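Trainee: Below is a structure I'd like to ask you about.
A short reminder: the numbers here are calculations on the coordinates, not readings from a lab. On a predicted model such as this, the values are computed, not experimentally measured, just so you know. Glycine also receives a Cβ, built like all others from the backbone with ideal geometry; neighbour counts cover every protein chain displayed.
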């Protein structure tokens with residue numbers, strides 16, 4: 001459970017980035033570690049962590065010491081324990097947020113750190129939180145998903161979902177509790193974990209996640225078991241007193257925003273003047289809850305690049321820009337990108353220029369070029385096929401930003417094996433790499449969604465070869481463009497309306 | 001296999017009796033739940049202490065009130081990765097307020113001793129002698145804890161609040 | 001002609017190694033070949049002993065055919081990530097000296113048809129030079 005894996009070429013160390021939140025100081029340390037202990041780069045993962053691919057075992061103690069200096073570690077990023085608690089990368093700044101999910105992510109992080117009862121679970125355990133209706137944390141695809149909501153009296157509490165997950169058996173989580181009062185959070189989680197610890201399967205690692213237990217017991221019976229255990233734990237020692245909740249909340253207090261009007265003349269004139277900048281604003285900039293501010297996404301998916309990889313220089317550039325433009329704060333998203341959570345609208349153009357110098361201004365967030373790919377057979381011991389070069393080839397096909405913007409929102413996810421670390425099950429277009437007779441083949445799924453309307457994608461037909469699959473993805477997109485109702489109908493909505501038939505026909509007609 | 005209790009290697013007064021094995025009448029023995037259920041009438045009338053051995057898929061509530069007759073509850077770690085006994089231990093201490101000995105046996109290794117102790121296990125049949133000898137230092141390796149468990153260590157949240165409370169005076 | 005060799009990862013740095021006559025080597029061409037079951041068992045035994053001595057982790061036998069690994073995965077292990085010609089043993093071997101380097105900073109410019117990354121496994125195996133000579137493909 002110390003985050004060190006032996007992979008194909010070398011060790012891999014996974015460093016925890018709790019709920020994807022980093023200070024510029026921490027980012028500089030990650031850059032330093034990439035240089036001093038690795039080969040000059042790191043990889044940001046689909047669980048908001050960072051991975052180093054080449055540390056030497058003998059260097060790991062020194063590496064960990066360097067992390068400790070900036071309050072970081074690699075605890076519980078492997079093993080059958082509670083892993084990194086992830087959250088909405090827009091936590092604390094999203095419009096319409098009920099409460100900042102990082103507060104509760106931190107509470108859960110502390111409670112789950114070296115928890116003596118839950119360190120040897122049947123399998124790994126992943127928890128995610130969202131504080132808004134729009135789910136940017138994929139809570140429905142986690143072992144426990146938590147949504148911060150209000151009840152009919154306006155009291156803040158949680159919707160608790162359980163038993164979601166991908167891998168061999170993708171399942172959307174079911175709601176076990178519609179509303180859980182705040183103070184009951186940790187006792188309720190203990191109840192779920194305890195039931196799982198005792199009853200989860202331990203005979204077969206592919207049937208050991210909590211989703212299997214929820215399915216085999218049935219939600220009703222599973223809920224009974226949890227609620228029964230909860231009656232013993234409610235109000236007990238693990239319940240957090242209000243003082244502690246308030247103390248932790250204070251850590252996530254808003255930065256000293258300036259009082260500004262919304263909208264900015266500088267921003268508007270820059271958009272008019274520069275088409276490239278305007279395109280970037282359209283895809284990479286999101287609405288902030290504070291007037292005059294914006295949320296900026298930094299794409300780590302340059303055309304033909306390795307998704308989620310960042311060099312030490314890029315990490316330092318982001319740290320500097322964060323200091324200059326975003327109160328020194330950075331977020332890591334589960335789509336392998338970075339976010340600067342609070343940038344003044346009037347400074348967006350300067351920031352964009354700063355990002356451009358370092359190749360960090362690709363205007364593709366949430367679009368065809370923003371491909372999510374696991375390390376795959378280029379790095380990973382578990383993989384059957386490569387995912388990165390497939391991502392690169394697809395990225396090159398959709399190189400043209402105007403074309404990407406015309407296509408509109410589209411998620412493409414690639415996994416190199418059934419463990420689904422690329423989250424291909426929930427990609428609008430998902431690719432699963434398999435191996436057959438020494439060749440890499442890719443199974444295409446369509447219609448997946450990772451948001452509040454979570455859906456598992458469906459296999460469209462026989463797999464495609466490594467050479468053919470980029471073209472096949474292009475065919476799928478072309479089919480959508482031909483058949484969409486209008487420019488506003490997204491790929492995933494068009495697929496829901498049309499079904500698989502037109503895509504099957506286009507892909508397989510000539511075969 | 002050395003037994004560690006109260007931080008030290010100590011002679012083991014208890015004998016594990018397998019099902020079907022003859023049970024000495026006047027020595028402390030640990031039997032399985034199957035044996036207890038089958039021979040309860042005679043076992044209850046023994047003069048010597050009796051202990052119970054749980055399989056790690058059993059819950060303590062199976063024992064009912066009989067739990068409090070036992071001088072020891074032995075819980076198993078069939079492989080160190082099988083963490084069910086941690087839950088059994090906590091339930092024994094926190095739910096059922098069992099005050100007898102809770103002992104761990106099986107794949108009991110150094111890296112897990114502190115977790116076991118925090119869950120309320122107070123006796124350890126440790127696989128390797130070197131691990132048994134290192135018990136005290138192992139237990140002392142970590143001094144700050146984030147969550148309450150079955151031990152009497154106060155988690156950091158309680159310590160903070162106590163500190164705050166004391167400033168108020 | 002297929003035969004077996006033994007591979008593992010070195011414990012201290014995790015790098016790929018092969019069991020040669022005299023010890024562990026990073027050079028797959030210097031691995032000791034086993035052409036029958038007895039020889040393979042002997043390699044396997046030596047690997048297990050080395051693992052017990054904490055010299056290597058995870059030793060296992062792999063198949064080679066005409067000096068190339070049968071499994072694509074082992075070809076990748078022998079050379080490095082196909083998407084970073086500058087990393088892994090391939091960077092030292094300089095087999096891909098002439099190809100464009102695909103890395104995360106520079107967007108792809110050339111068609112990259114000669115690079116490791118863009119080839120399917122079969123196409124790559126076909127074009128791979130059989131020996132470690134440093135010439136351009």
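Trainee: Over chain A, what is the relative contact order in whole percent, taking alpha-carbon pairs under 8 Å and six or more residues apart? Mind dumping the intermediate values first?
Mentor: Values: 1143 pairs, mean separation 68.3, N = 511.
Relative contact order, chain A: 13 percent.
Trainee: In peptide C:71-77, how many Cβ atoms from other protein chains are near each Cβ within 10 Å, on average?
Mentor: Mean inter-chain Cβ contacts per residue within 10 Å come to 5.
Trainee: Additional query: Which whole-number percent is the relative contact order of chain B (Cα, under 8 Å, 6+ apart)? Show your work: numbers first, answer last.
Mentor: On the way: 268 pairs, mean separation 34.7, N = 169.
It rounds to 21 percent for chain B.
Trainee: Given an 8 Å cut-off on Cα distances and at least 6 residues of separation, report the relative contact order of segment B:28-96 as a percent.
Mentor: 30
Trainee: State log₁₀ I(q)/I(0) for segment A:265-357 at q = 0.14, 0.25 Å⁻¹ as given by the Debye formula over alpha-carbon point scatterers of equal weight, solvent excluded.
Mentor: With one equal scatterer per Cα and no solvent, log10 I(q)/I(0) is -0.48, -1.47.
Trainee: To continue, here is another question. Find the centroid of the Cα atoms in segment A:439-511 and in segment A:182-248, then give the distance between the two in whole Å.
Mentor: Cα centroid of segment A:439-511 versus Cα centroid of segment A:182-248: 38 Å apart.
Trainee: Once you place label points 7 Å from the Cα toward the Cβ at residue A:243 and residue A:260, how far apart are they in nm?
Mentor: If labels sit at residue A:243 and residue A:260, their model points lie 4.0 nm apart.
Trainee: Here is a follow-up. Need one value for B:145-155: mean number of C-beta atoms belonging to other chains within 10 Å of its residues' C-beta atoms. Let's see the in-between values first.
Mentor: Values: counts 5, 7, 13, 7, 5, 3, 1, 0, 0, 1, 4.
Taking all residues of B:145-155 together, the mean is 4.
Trainee: Still on this model: Calculate the radius of gyration of the Cα atoms of segment A:372-508 to one decimal place, then report Dmax, the largest Cα-Cα distance, as a whole number, both in Å.
Mentor: Rg, Dmax (Cα atoms, Å): 14.1, 44.
Trainee: Let me know the mean shielding of A:303-312 by other chains, meaning the per-residue number of their Cβ atoms within 10 Å of its Cβ.
Mentor: Numbers: counts 4, 9, 8, 8, 1, 1, 5, 2, 3, 0.
Taking the mean over all residues of the peptide, I get 4.
Trainee: Also, quick follow-up: Run lengths n ≥ 4 of DSSP H only: what is the helix-derived mean residue ellipticity at 222 nm for the protein assembly as shown, with -39500 (n - 2.57) per run over all residues, to the nearest 500? Display every interim value, and only then the final one.
Mentor: On the way: 26 runs with 258 residues, N = 817.
Computed mean residue ellipticity for the protein assembly as shown: -9000 deg cm²/dmol.
Trainee: Fewest Cβ neighbours within 10 Å first, please rank B:95, A:83 accordingly.
Mentor: On the way: B:95 15, A:83 24.
The most exposed by this proxy come first: B:95, A:83.
Trainee: If I model a spin label at residue C:25 and residue A:179 as a point 7 Å from the Cα along the Cα→Cβ vector, what separation in nanometres do I get?
Mentor: Output for this residue pair reads 7.3 nm.
Trainee: Taking the number of other C-beta atoms within 10 Å as the exposure measure, put C:46, A:256 in order starting with the fewest.
Mentor: The fewest-first ordering by Cβ neighbours comes to A:256, C:46.
Trainee: With no solvent and one equal point scatterer placed on each C-alpha of the protein assembly as shown, evaluate the Debye formula and give log10 I(q)/I(0) for q = 0.05, 0.11 Å⁻¹, two decimals.
Mentor: -0.30, -1.34
Trainee: What whole-number volume per residue, in cubic angstrom, does the convex hull of the C-alpha atoms of segment A:14-161 give?
Mentor: Expressed per residue, the convex hull around the Cα atoms of segment A:14-161 is 124 Å³.
Trainee: Return an integer: the convex hull volume of the alpha-carbon atoms of segment A:235-319, in Å³ per residue. Show your work: numbers first, answer last.
Mentor: Details: hull volume 17.2 nm³, N = 85.
Value for segment A:235-319: 202 Å³ per residue.
Trainee: Considering segment A:93-251, what Rg and Dmax in Å follow from its alpha-carbon atoms?
Mentor: In Å, with Rg to one decimal and Dmax whole: 15.2, 46.
Trainee: On the first, second and third principal axes, largest extent first, how far apart are the outermost C-alpha atoms of segment A:311-401 in Å?
Mentor: Cα extents, longest axis first: 46, 30, 20 Å.
Trainee: Another one. Percent of Cα-Cα pairs per 10 Å bin, from 0 to the last occupied bin, for segment A:438-511, please list those.
Mentor: Going out from 0 Å in 10 Å bins, segment A:438-511 shows 18, 51, 27, 4, 0 percent.
Trainee: With a ≥ b ≥ c taken as the square roots of the eigenvalues of the C-alpha gyration tensor of segment A:16-82, please select rounded if a/c is under 1.5 and otherwise prolate if a/b is larger than b/c or oblate if it is not? Provide the component values of the computation, followed by the final result.
Mentor: Values: a/c = 1.39, a/b = 1.16, b/c = 1.20.
Rounded, because the longest to shortest axis ratio a/c is under 1.5.
Trainee: Whole Å is fine, so just give me how far the alpha carbon centre of segment A:97-117 lies from that of segment A:365-415.
Mentor: Comparing the Cα centres of segment A:97-117 and segment A:365-415, I get a distance of 32 Å.
Trainee: Considering only DSSP beta bridges where both residues belong to segment A:93-251, give the percentage that are antiparallel (nearest 5). Intermediate values should be presented prior to the final figure.
Mentor: Numbers: 13 of 17 bridges.
Bridges in segment A:93-251 are about 75 percent antiparallel.
Trainee: Once a ≥ b ≥ c are taken as the square roots of the eigenvalues of the Cα gyration tensor of chain B, is the result rounded (a/c under 1.5), prolate (a/b larger than b/c) or oblate (a/b not larger than b/c)?
Mentor: Details: a/c = 2.32, a/b = 1.67, b/c = 1.39.
Here chain B falls in the prolate category.
Trainee: Fewest first, what order do A:78, A:311 take by the number of other Cβ atoms within 10 Å? Before the final figure, lay out each step's value.
Mentor: On the way: A:78 17, A:311 20.
So the residues, fewest neighbours to most, are A:78, A:311.
Trainee: With a 10 Å radius around each residue's Cβ, average the other Cβ atoms per peptide and rank A:434-442, C:35-43, highest first.
Mentor: Working: A:434-442: 16.9, C:35-43: 13.3.
Ranked by mean Cβ neighbours within 10 Å, highest first: A:434-442, C:35-43.
Trainee: At 25 °C and 0.890 mPa s, grab the translational diffusion coefficient of segment C:2-69 from Stokes-Einstein with a Kirkwood Rh over Cα pairs, rounded to a whole number in µm² per second. Intermediate results must be reported in sequence, preceding the final value.
Mentor: Working: Rh = 11.6 Å.
For these conditions, the coefficient is 211 µm²/s.
Trainee: Can I ask one more? Can you list, largest first and rounded to whole Å, the semi-axes you get for segment A:58-130 by taking the square root of 5 times each eigenvalue of its Cα gyration tensor? Intermediate results must be reported in sequence, preceding the final value.
Mentor: Details: eigenvalues 129, 65, 19 Å².
In descending order the semi-axes read 25, 18, 10 Å.
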